[in-house]
Amino acid sequence: MSSYPKRAAFLASVVSKEEAAEALKVQVDVIDVKNPAEGALGAALPETITEIRGVVPKAIPVSAAIGDMPYLSGTAALAAVGAACAGADMVKIGLYGAKTSDEALNLLCSVANALKMYFPTSLLVAGAYADAQIFGGINFLDVPALAAKAGAAGCLLDTFDKSFGHNLLEIASMEAIGDFVSACREWGLFSALAGSLKLEDVPLLLPLRPDYLGFRGALCEGGRSGKLSSRKVLEISSLIAGESSACCHS
Ligand SMILES: O=C[C@H](O)COP(=O)(O)O
């Protein structure tokens with residue numbers, strides 16, 4: 001897959017093969033496997049990743065979160081290898097436990113090296129949190145440089161707190177989100193934006209030219225722990241496709 005989609009790509013987070021099939025009724029660019037019960041970047045069981053990979057056409061990448069990761073490099077590296085072995089083309093790690101840039105770099109290098117050794121075609125995505133200050137994590141604007149140094153392919157900006165009123169645009173300024181996207185581009189990484197994004201956020205974020213926009217809560221009936229609805233997937237998909245062509249061909 002190309003690291004740089006021509007338009008913003010649509011990433012839909014699912015919890016099961018049934019939800020993946022529901023999402024695939026609509027145009028989706030990446031199927032993301034996540035377990036919301038285990039956190040913002042909660043990891044699914046390996047068999048869930050394999051089942052989902054089994055129903056997703058080969059042309060569509062599958063990404064998998066491996067957790068809001070403590071600062072445990074061995075645990076992180078092994079989880080990443082497990083996710084790739086289970087079928088993930090992209091492995092997303094949440095930089096939760098790393099409290100300094102050195103710790104984040106160590107964590108990312110351990111994971112990147114393990115993937116390179118066992119699954120060299122799998123892409124590493126460093127997950128930064130816009131609200132990292134609530135748990136003493138590192139500033140999200142520091143993550144692109146660290147991710148690039150470690151050999152990651154991309155960087156995700158997400159939110160840790162998924163409660164009401166904590167979506168990405170309520171936590172970070174448009175300027176800071178734009179700086180994150182630009183930093184990713186400058187470091188040769190793809191950028192992904194997420195964080196309880198809503199339909200109305202799409203036209204605000206697309207002009208920043210992120211490579212991916214990721215959604216879970218907005219695709220579900222009853223929030224991110226609810227059930228994915230193809231009707232909601234279609235709403236977001238159409239909006240991304242329409243707005244992308246409007247903002248990219250002007
Ligand atoms: O990677 C994207 C996330 O799954 C976004 O989840 P959320 O929209 O519930 O914050």
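The values are calculated or read from the model by the stated rules, or taken from the named source; none is laboratory data. Since the structure is predicted, the reported quantities are computational estimates derived from the model, not experimental observations. Because the Cβ atoms are built from the backbone with ideal geometry, glycine has one as well, and the counts that use them run over all protein chains shown. Surface areas here come from the heavy atoms of the whole protein model, side chains and all, with no ligands, DNA or RNA. Shrake-Rupley method; radii C 1.70, N 1.55, O 1.52, S 1.80 Å.
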*asked:* If a residue must be free of Cβ contacts under 8 Å to residues at least 40 places away in the same chain and of a type in the set (A, V, I, L, M, F, W, C), how many such residues does the range 127-175 contain?
replied: 9
_Given (1) within 13 Å of the ligand (Cβ to nearest atom); (2) in contact with a Gly (Cβ under 6 Å, 6 or more places away or on another chain), index of the condition MET69 fails_ = (1)
*Would you confirm whether any residue within the range 162-174 is loosely packed, with under 15 Cβ neighbours inside 10 Å and either under 14 Å from the mean Cα position of the chain (by Cα) or more than 16 Å from the ligand (Cβ to nearest atom) (or both)?*
yes
*Do you know which residues across the range 137-154 are open to solvent by less than 10 Å² (accessible area, probe 1.4 Å) and touching a Gly at 6+ places or on another chain (Cβ under 9 Å)?*
VAL143, ALA147
*Starting from residues that are over 15 Å from VAL125 (Cβ atoms) and surrounded by fewer than 23 Cβ atoms within 10 Å (Cβ to Cβ), keep the ones in the range 188-199 and report whichever is farthest from the ligand (Cβ to nearest atom).*
LEU199
*Of the numbered conditions (1) open to solvent by less than 50 Å² (accessible area, probe 1.4 Å); (2) within 14 Å of LEU228 (Cβ to Cβ), VAL30 satisfies every one except a single condition; which is it?*
(2)
_Checking ARG185 against (1) open to solvent by less than 20 Å² (accessible area, probe 1.4 Å); (2) part of a helix (DSSP H, G or I): exactly one of these is not met. Which one?_
(1)
_Could you tell me how many of the residues in the range 218-229 are open to solvent by less than 30 Å² (accessible area, probe 1.4 Å) and in contact (Cβ under 8 Å) with a residue 40 or more places away in the chain?_
3
